[in-house]
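To start, the structure itself, in structure tokens.
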Amino acid sequence: MNEYKGKTGIDKYLTAAQELLAQREKAKSAMRECRFDTIAVHGMYTMEEALNFNQGAIIEPFYMCSSQAYRDSDEMEAALSYQIPTWCYSRIANPSLYYFESVLALLEGYGFSGDTSCCATSSGMAAIMSATDPFLNVDPKNPNQKINFVSTCQVYGGTFQQFAVRKAQERGIECRWIVDSTDLGEWESKIDENTRFVYGELPSNPGLAFFDVKDVAKLAHAKGAPLIIDNTVGSPALLRPLSHGADIVVQSVTKTLTTSGFGIAGAVISRKDIVSNFGPDEMKADFAMYLKTLPNRDNGQSLSPMNAILSLNDMRTLRSKVDMLSQNTQTVAEFLATHPMIERVDYLGLESHPLHELASRYMFLVDSEHDAKNAGKPVNRYGHLMSFRVKGSALDTRKMFDGMQRIWRATDLGRIKSVATIPAISTHQQQGEEAREMADIPPNMVRLCVGGEHPADVIADLDQALRAIHGTVQAQVPSTFSVGGASSAILAEK
Ligand SMILES: *Cc1c(COP(=O)(O)O)cnc(C)c1O
């Protein structure tokens, strides 16, 4: 290519790149007019994109390749100075990652008026590190500032360790835990001018804590701190924090977004122009893109193209899967809530849950108002995550847990197969008893994520495992178990 549209040298590449970017901008605007399911199915992979770059392949290809070749030194120079879109080296960018990132940016930005962008990471934990560490750097204008960050204490066990050990203990950065995230006064008293970011999980894993994200965003912004939300459990099918004032969302793509369970992946999704007292202008203008091109380029927590395409493929049916898993979980939660061997069930979909009303203001199945049968009204859904506490000792709980025959014992969630874990001895083991008490994770708590099986079969498995705690005697007197509502109908149907 000696000349392009009358331009030579590096200019011809800049001209061609501008055309490509304009084309993609047009495709993005068109996609933003579409409904959630359409975005999930197509994303930014248009026929034009397929025919121009991918031999017409209707499915986004795996680019299992480390780097891109350039036509000449001009193109190389333009690419490596980020003046044109490039796949230069897969740690930084890759076409498979681009298709994955662009669809997730659109899904998390669905219904939000502003633009969003996404940076894929090698895991959910890498996403959390990527989203938080840039805010903890030394401020050259104020190198002795004593900084802090504020986070709900009800977070994923790995997040707790990253904050309490990697950041607070090892680096001496003050971590201020919010113990009752529904208490806005507590947030207000802990966020100050030295708070570099505010962090929360919605709903939390495994405790199902929930807080008013709009109010917390206002409190964070009043002190010039960005609000970062872990949206792993609900996924954009139920909740889109960016449209409620959050600046950045992190995803363990490993979980709800990819029910199939093929591997580990993560992502950081941000809105343009985030609120932050701290950091360079380019970081605030487009945080996810800044991560991609600078800190994550240098730190290297990139995602494999294989995992990007597998994740992308799972995400196409996100809405319908989250709907199904939520309905199944609701049925199982209602069954357990009336079970005599259960001390307590935590599921946001149960009316008796203290946070039911608050969660109901935020957790809707996306686009459900457009389903003819819902007559213009959005429908609440509460996701696949629930926890319950077994009546009796920690040992009784383990006995019940060991008795499950179809529900998998695994520290996983959001799977198409039902999985359960005892958080106190698994995901939340390392943080110690005191921290578990603070986060309310007792040894008789079981976290259950209901999958795509028929809920009657999940209920039957739980029921037999609960009965087995005290031997088989009770199995002969099922009349002592009162099962209410939908679940008794389902049991009868079996
Ligand atoms: C699993 C999980 C993470 C960590 O994600 P990985 O992909 O396992 O690194 C973070 N947050 C939540 C809520 C999780 O459930």
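Remarks
- Residues that are open to solvent by 10 Å² or more (accessible area, probe 1.4 Å) and in contact (Cβ under 8 Å) with a residue 60 or more places away in the chain were ranked within region 403-416; the one that is farthest from A237 (Cα to Cα) is G403.
- Unique match (being modelled with pLDDT of 95 or more, part of a helix (DSSP H, G or I) and open to solvent by 30 Å² or more (accessible area, probe 1.4 Å)) among M306, M283: M306
- The residue that is least open to solvent (accessible area, probe 1.4 Å), counting only those in region 370-400 that are basic (K, R) and in a loop (DSSP other than H, G, I, E, B), is R381.
- Scanning region 175-189 for residues that are open to solvent by 30 Å² or more (accessible area, probe 1.4 Å) and within 25 Å of the chain's Cα centre (by Cα) yields R176, W177, V179, D180, T182, D183, L184.
- Going through (1) in contact (Cβ under 8 Å) with a residue 12 or more places away in the chain; (2) loosely packed, with under 14 Cβ neighbours inside 10 Å one by one, A30 falls short only on (1).
- Contacts under 6 angstrom Cβ, first residue in region 103-132 being touching a residue at least 60 places away in the same chain (Cβ under 8 Å), partner surrounded by fewer than 21 Cβ atoms within 10 Å (Cβ to Cβ) and part of a loop (DSSP other than H, G, I, E, B), 6 or more apart: T121/Q301; S122/Q301; S123/I264; A126/Q301
- From the list P305, P280, the lone residue that is more than 16 Å from the ligand (Cβ to nearest atom), in contact (Cβ under 8 Å) with a residue 60 or more places away in the chain and not basic (K, R) is P305.
- If the condition is being open to solvent by 50 Å² or more (accessible area, probe 1.4 Å), part of a loop (DSSP other than H, G, I, E, B) and not charged (D, E, K, R), then region 66-84 contributes S66, Q68, A69, S81, Y82, Q83.
- Boolean, R271 is away from the ligand (no atom under 16 Å from the Cβ), open to solvent by 40 Å² or more (accessible area, probe 1.4 Å), closer than 30 Å to P143 by Cβ and of a type in the set (K, R): yes
- Lone qualifier among Y110, Y98 - being open to solvent by 20 Å² or more (accessible area, probe 1.4 Å), under 18 Å from the mean Cα position of the chain (by Cα), away from the ligand (no atom under 16 Å from the Cβ) and in the same structural domain as G234 (by TED's automatic domain parsing): Y110
- So K223, is it touching a strand residue (DSSP E or B) at 6+ places or on another chain (Cβ under 7 Å), in the same structural domain as G158 (by TED's automatic domain parsing) and more than 11 Å from the ligand (Cβ to nearest atom): yes
- Every condition in (1) touching a strand residue (DSSP E or B) at 6+ places or on another chain (Cβ under 6 Å); (2) within 15 Å of I248 (Cα to Cα); (3) away from the ligand (no atom under 16 Å from the Cβ) holds for C119 except the one numbered (3).
- Unmet criterion (only one of (1) in contact (Cβ under 8 Å) with a residue 60 or more places away in the chain; (2) open to solvent by less than 40 Å² (accessible area, probe 1.4 Å); (3) more than 30 Å from P378 (Cα to Cα)) for T256: (3)
- Of the residues making up region 418-453, those that are of a type in the set (S, T, Y) and open to solvent by less than 20 Å² (accessible area, probe 1.4 Å) are S418, T421.
- Some residue of region 189-202 being without any contact (Cβ under 8 Å) to a residue 12 or more places away in the chain and more than 25 Å from L104 (Cβ to Cβ): yes
- Pick from region 155-174, criterion surrounded by 15 or more Cβ atoms within 10 Å (Cβ to Cβ) and aliphatic (A, V, I, L, M), ranking: farthest from the ligand (Cβ to nearest atom): I173
- Boolean, K255 is in the same structural domain as F149 (by TED's automatic domain parsing) and within 16 Å of the ligand (Cβ to nearest atom): yes
- Qualifying positions in region 327-369 - under 17 Å from F210 (Cβ atoms), outside any loop (DSSP other than H, G, I, E, B) and open to solvent by 50 Å² or more (accessible area, probe 1.4 Å): R344, E357, F364
- Residue check for V198: within 10 Å of the ligand (Cβ to nearest atom), in a strand (DSSP E or B) and either open to solvent by 10 Å² or more (accessible area, probe 1.4 Å) or in contact with a helix residue (DSSP H, G or I) (Cβ under 7 Å, 6 or more places away or on another chain) (or both): no
- Condition met for A50 (open to solvent by less than 70 Å² (accessible area, probe 1.4 Å), in a helix (DSSP H, G or I) and among the aliphatic types (A, V, I, L, M)): yes
- Residue match in region 126-137 (condition: within 25 Å of T232 (Cβ to Cβ), among the acidic types (D, E) and either within 16 Å of the ligand (Cβ to nearest atom) or open to solvent by less than 10 Å² (accessible area, probe 1.4 Å) (or both)): yes
The values are calculated or read from the model by the stated rules, or taken from the named source; none is laboratory data. Just so it is clear, the model here is predicted, and its values are computed rather than measured. Cβ atoms come from the backbone with ideal geometry, glycine included; neighbour counts cover every protein chain shown. To get the accessible areas, we keep the full protein, side chains included, count just its heavy atoms, and leave off ligands, DNA and RNA. Shrake-Rupley method; radii C 1.70, N 1.55, O 1.52, S 1.80 Å.
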